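Worksheet: the structure to be examined is printed underneath.
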Amino acid sequence: MKHTLDTVTAWLARGVIAFLYIPIVVVVVLSFNDSEVTYKWAGFSTRWYGELSRNTELLAALRVSAETALISATLATLCGLLAAMGMARLRSRGKAVFSGGLFLPLIVPEIVLGVALLSVFGAMSADLGTQTLVLGHLVVTLPYAALIVLGAYNALDASLEEAATDLGCNAWQAFRRVTLPLLRQPLLAAWLLSFTISFGNIVMSTFTNGVGSTTLPLRVYSMLKGGLTPEINALGTILVLFTLLIILGVGLRQMRRVLLGAGRS
Amino acid sequence: MTTLLLAPAGITVAGLVLVPLLLVVRNSFASADAYGGIQGGWTLANYQDLMDPVYLKVFSYSLGMAALNTAVCLVLGYVVSYYLSSRSPQRQMLLLLLIIVPFWTDFLVRTFAWINLLSPGGPVNSLTDAIGFTDGATQWIPSQGASFVGLVYAFLPTAIFPIYASLRSVDHSLGEAARDLGCGWWRVHTRVLLPIARPGMLAAALLTFIPTLGVFVIPVLLGGGRDQLVGNLIVTLYTEFRNQPMGAAASVVLLLLMVASMAVFGLAARRLRRKSA
């Protein structure tokens with residue numbers, strides 16, 4: 001027999017999941033609102049998507065974000081892959097120390113990491129710009145990329161590479177012909193996840209951006225301080241769509257590895 | 001060879017994380033020049049300045065907000081995780097995907113979504129007008145309540161994943177067995193399932209409590225910037241007041257809070273392990 005409280009909690013859980021979707025659905029619906037103000041429904045229209053495509057400031061910011069995400073995701077995935085291969089050769093103690101360092105940025109509040117980087121850039125009197133932005137985003141994305149690649153690399157059968165070597169491959173050939181193809185999926189997942197993390201980042205960007213390197217979230221944030229417009233909802237809808245595409249690209253299995261793995265250790 | 005492989009990640013962590021963190025600690029003891037830059041020297045003045053009632057209020061408000069947010073996220077996170085883990089495997093996959101989508105949706109989008117919902121004359125306002133709870137255009141934003149809803153909304157998925165991770169491998173016949181042996185609903189949860197979920201709950205608490213303190217976007221957009229969190233304080237000190245040493249001191253306080261809460265959670269986890277051993 002089912003307890004009434006079971007029924008109550010089941011409905012509460014369904015309610016919570018619905019609660020997660022209501023705001024997102026509202027953004028999508030209101031982005032098609034033919035009105036100057038977000039909350040008054042004035043009929044269906046795609047005019048805000050048109051306005052969005054002509055907003056040069058937002059397009060410039062989009063470009064900065066895309067470039068930054070592209071570079072930092074690539075660097076993070078590469079560093080992650082190399083680190084995974086290197087760590088496999090370490091003894092357990094060295095491994096523990098190294099992975100501790102690698103995952104440190106996951107625990108330290110991002111705002112402190114941002115302040116810290118800014119202090120270093122300040123001390124070196126480096127110009128803030130796309131380069132500093134990329135370095136900041138590398139710090140934020142590296143732990144996630146490493147988490148995925150490390151998990152996938154450790155799950156590989158080491159004897160495969162040995163077999164390739166026995167059959168006359170040198171280390172590079174074994175890596176290129178055996179390891180890399182086997183890791184293609186997780187590497188793509190690591191890259192895509194890093195890309196989204198960088199693309200949506202606002203905390204680190206606040207401290208590491210410079211004149212001319214305003215990212216999309218920073219631009220939207222300053223627009224929002226002046227009030228929400230249907231144009232921003234249109235942008236939000238595109239970003240929601242982008243999220244769905246990334247999730248499809250990464251696949252549920254890789255997502256689970258990242259999101260559920262953290263709870264077990 | 002090994003060194004060469006480890007170098008890129010190692011240099012990144014050392015050069016962009018460890019050294020910078022040490023520099024922040026050092027800067028927090030430096031005095032400021034006329035422009036708020038780092039002048040050098042060693043002083044405790046920055047920390048003394050943070051003892052000002054204005055700033056102490058920010059810290060106590062932040063801790064309260066973070067504690068409340070953590071509590072709400074843990075309760076709702078447990079309810080959702082229990083629901084998830086008691087579904088059939090296919091349903092679990094589908095539901096998990098349903099939670100991943102909002103989790104992965106852009107943070108700013110999720111925040112300004114609430115401006116849509118709560119604006120005067122918006123959906124929530126129309127609803128409360130219809131049931132006669134409010135009359136006319138009500139200001140739901142900016143307010144502390146709106147800020148809090150935004151925080152819960154931002155962190156709830158983060159809290160669900162680790163709790164679900166510790167519950168999903170549970171054999172659900174355990175609960176049934178406990179029920180057969182005469183446990184009521186509450187005892188099935190408090191005696192059997194909650195202890196199993198506890199490592200996940202600890203991880204969820206850690207992933208909610210400290211990051212909440214560092215948030216600065218939500219209190220500005222949904223709270224109107226009046227009631228600040230530590231994150232707002234740090235951003236304000238750096239970007240508006242341009243007082244770098246004091247900003248560094250506030251960052252160190254946040255770091256110390258992180259270390260303290262990790263120690264508390266670590267101790268709790270150790271006691272947990274010893275009990276189950």
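The values are calculated or read from the model by the stated rules, or taken from the named source; none is laboratory data. All of these numbers come straight from a predicted model, not from anything done at the bench. We place every Cβ from the backbone using ideal geometry, glycine too, and count neighbours over all the protein chains shown. Just so you know, the surface numbers come from the protein's heavy atoms only, side chains and all, with ligands and any DNA or RNA stripped out. Shrake-Rupley method; radii C 1.70, N 1.55, O 1.52, S 1.80 Å.
Filter the stretch B:166-195 for residues that are crowded, with 17+ Cβ neighbours inside 10 Å and within 18 Å of B:R271 (Cβ to Cβ) and give the result.
Result: B:S166, single match.
Considering each residue of the stretch A:1-43, count those that are under 21 Å from B:F112 (Cβ atoms) and not aliphatic (A, V, I, L, M), and give that number.
Total meeting the criteria: 13.
Kindly indicate whether B:P102 is under 30 Å from A:T77 (Cβ atoms), part of a helix (DSSP H, G or I) and in contact with a Cys (Cβ under 7 Å, 6 or more places away or on another chain).
In short, no.
Can you confirm whether the stretch A:20-33 contains a residue that is assigned to a loop (DSSP other than H, G, I, E, B) and surrounded by fewer than 16 Cβ atoms within 10 Å (Cβ to Cβ)?
no
Considering the stretch A:91-121 alone, what residues qualify as being of a type in the set (A, V, I, L, M) and farther than 19 Å from A:I148 by Cβ?
Result: A:A96, A:V97, A:V108, A:I111, A:V112, A:L113, A:V115, A:A116, A:L117, A:L118, A:V120.
Just for the stretch A:71-89: of the residues that are within 7 Å of chain B (Cβ to nearest Cβ) and farther than 15 Å from B:I11 by Cα, which one is surrounded by the fewest Cβ atoms within 10 Å (Cβ to Cβ)?
A:R89
Yes or no: the stretch B:207-229 includes at least one residue that is assigned to a helix (DSSP H, G or I) and in contact with a strand residue (DSSP E or B) (Cβ under 9 Å, 6 or more places away or on another chain).
Within the stretch B:207-229 (the criterion being assigned to a helix (DSSP H, G or I) and in contact with a strand residue (DSSP E or B) (Cβ under 9 Å, 6 or more places away or on another chain)), the answer is no, since none of the residues qualifies.
Restricting attention to the stretch B:221-261, which residues are farther than 17 Å from B:S60 by Cα, open to solvent by less than 40 Å² (accessible area, probe 1.4 Å) and free of Cβ contacts under 8 Å to residues at least 60 places away in the same chain?
The answer is B:V235, B:T236, B:L237, B:Y238, B:G247.
Cβ-Cβ under 6 Å, sequence separation 6+ or interchain: first residue in the stretch A:1-26 and at the interface with chain B (Cβ under 7 Å from one of its Cβ atoms), partner among the polar types (S, T, N, Q). Which pairs?
A:V26/B:N116
Of all helices (runs of 4 or more DSSP H) completely enclosed by the stretch A:144-223, which ones contain at least 3 residues that are in contact (Cβ under 8 Å) with a residue 24 or more places away in the chain and of a type in the set (A, V, I, L, M, F, W, C)?
A:184-200, A:203-208
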